[in-house]
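The values are calculated or read from the model by the stated rules, or taken from the named source; none is laboratory data. This structure is a prediction, so every number in the text was calculated from the model and none was measured. When we count neighbours, we look across all protein chains shown, and the Cβ atoms used for this are built from the backbone with ideal geometry, even at glycine. Areas reflect the complete protein model, heavy atoms only, side chains present, ligands, DNA and RNA absent. Shrake-Rupley method; radii C 1.70, N 1.55, O 1.52, S 1.80 Å.
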Amino acid sequence: MKSIGLLQRRLDEYACVDAEEEVNAMREILQDLILAGLARTDFFTKAAFHGGTQLRIFEGIRRYSEDLDFALVESDRSFSLKGYLDKVAEELTSVGVELEVKDRSKADGAVKKGFLKTDSLVSLLELRYVGGRGTAGTPAKAQIKLEVDANPPAGAAYQSRTLLFPYPASVRCFDRESSFAGKLHALLCRPYVKGRDWFDLVWYASVGARINHVLLSAALDQSGPWAGRLIRTDDVWVRHELGAVVDRLDWDEAREDVRRFVYSADRPSLDLWCRDFFFDIVNRVTGGLTRTQVLECLASA
C-alpha cells in the first residue's frame, strides 16, 4: 500500500537511535495524522492549537510531546468533540491507520476530552528498536489524548501555520507570545512538577520570546492560586512569582520527568538544571534583574 511507504519514510527521517526515540517518533507521526485530519474539517475555524506539542511540531523544539491541546476562539460549553474524532478516524483509514475513538467529555464541562488509540502503526512499520506487538516495553496501542478548552481566557492572538505531513494542511495556532503566556500559567499554577514545562521555558528564553500579559492575566484570574484576584501581570510580577517557584522546585524530579522525551544527544544538558540555572533563565525571559536581585526580591517577599 502506497500510504504504508509514506509512513515508513516519515519514520526513517527521524533516524532514531533507541527504543524511546522510536516510540516518541511513532506517537508524533500519529499526532501529525490527527492534526491533518482535523484540518480537513471546520475544526480550526473554531479552535486553535497550543501547548507543548504545538511547539514541537511547528517550532521544532527538541523534545517530544504526548497530548494535543486546543482552545476555542469563542467560549462555547456546548461544543462537541465527538463528531471531529469520528471524522479524523475516517480520514486516517486512507493511510492505513485504524483508530479507536473514545469521547470522555462532559456535556457541560469546560474542557472537552477525547482519546484516539491505534495499534496499526506498530504492525505497519518496520521498527529497528521496538519489538513486535506485546513485547515488554512496547505499548500495545499508541494513544493520543485531545483536550479542547471550551471556556478559554480572553486575550489570545493567533497565526496560521502549515503542516506538510501527511499532506499540506492549515492549522490555526496561538502566536508565540500567547503560547508563552499559556506555558507561564502552567509553570506558575501546576500543582506538581512537570519537567517538560521547564524545558520549554529554556526554549522561550533562547528565542527571546515576549509575554502576552493580557492572556496571562486573564488565565490567572480564571484558574489557579490567583483566581478571582484580578492580577494584572507584567515582567516584574512574573520574575518575582516564577523565581519563587524556581526556589522551591525539586530539580532532580524535573529532570527525570523530561528525560525520556528529549533526544539522547541532548540529555547531558539536563545535568545543568538547578536553582541557579533557572534563576538565570527567568531573568532572561523577563529582561531584568541579576541573580542577586532576584534572591533579594524573594527574601523580601
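Any residue in segment 188-205 that is farther than 13 Å from D257 by Cα and in contact (Cβ under 8 Å) with a residue 24 or more places away in the chain sitting within a Cβ distance under 9 Å of a residue that is aromatic (F, W, Y) and open to solvent by 40 Å² or more (accessible area, probe 1.4 Å)? List the pairs, counting only those 6 or more apart or interchain.
Going by the 9 Å Cβ cut-off, the qualifying pairs are V202/F277.
Checking K87 against (1) over 20 Å from E22 (Cβ atoms); (2) modelled with pLDDT under 95; (3) in contact with a helix residue (DSSP H, G or I) (Cβ under 9 Å, 6 or more places away or on another chain), which test does it fail?
Against the list (1) over 20 Å from E22 (Cβ atoms); (2) modelled with pLDDT under 95; (3) in contact with a helix residue (DSSP H, G or I) (Cβ under 9 Å, 6 or more places away or on another chain), K87 comes up short only on (2).
Pairs under 9 Å by beta carbon, first residue at pLDDT 95 or above and part of a helix (DSSP H, G or I) in segment 260-276, partner among the aromatic types (F, W, Y) and open to solvent by less than 80 Å² (accessible area, probe 1.4 Å), six or more apart or different chains?
Every condition considered, the pairs that remain are L270/F199; R275/W251.
Quick test of your reading of the structure: K46 fulfils all but one of (1) in contact with a Leu (Cβ under 9 Å, 6 or more places away or on another chain); (2) open to solvent by less than 40 Å² (accessible area, probe 1.4 Å); (3) over 24 Å from Y204 (Cα atoms). Name the failing condition by number.
(2)
Condition test on T53, is it assigned to a helix (DSSP H, G or I), among the hydroxyl-bearing types (S, T, Y) and surrounded by fewer than 21 Cβ atoms within 10 Å (Cβ to Cβ)?
No, not satisfied.
Go through (1) in contact (Cβ under 8 Å) with a residue 40 or more places away in the chain; (2) surrounded by fewer than 21 Cβ atoms within 10 Å (Cβ to Cβ) and name the single condition R104 misses.
Exception for R104: condition (1).
Can you go through L164, L99, L146 and tell me which one is within 30 Å of C16 (Cα to Cα) and out of contact with any strand residue (DSSP E or B) (no Cβ under 9 Å at 6 or more places or on another chain)?
The conditions single out L164.
Take segment 112-122 and flag every residue that is closer than 14 Å to I29 by Cα and not aliphatic (A, V, I, L, M).
Across segment 112-122, the qualifying residues are K117, T118, D119, S120.
Out of (1) in contact (Cβ under 8 Å) with a residue 40 or more places away in the chain; (2) surrounded by fewer than 16 Cβ atoms within 10 Å (Cβ to Cβ); (3) assigned to a helix (DSSP H, G or I), the odd one out for S123 is which?
Unmet for S123, out of (1) in contact (Cβ under 8 Å) with a residue 40 or more places away in the chain; (2) surrounded by fewer than 16 Cβ atoms within 10 Å (Cβ to Cβ); (3) assigned to a helix (DSSP H, G or I): (1).
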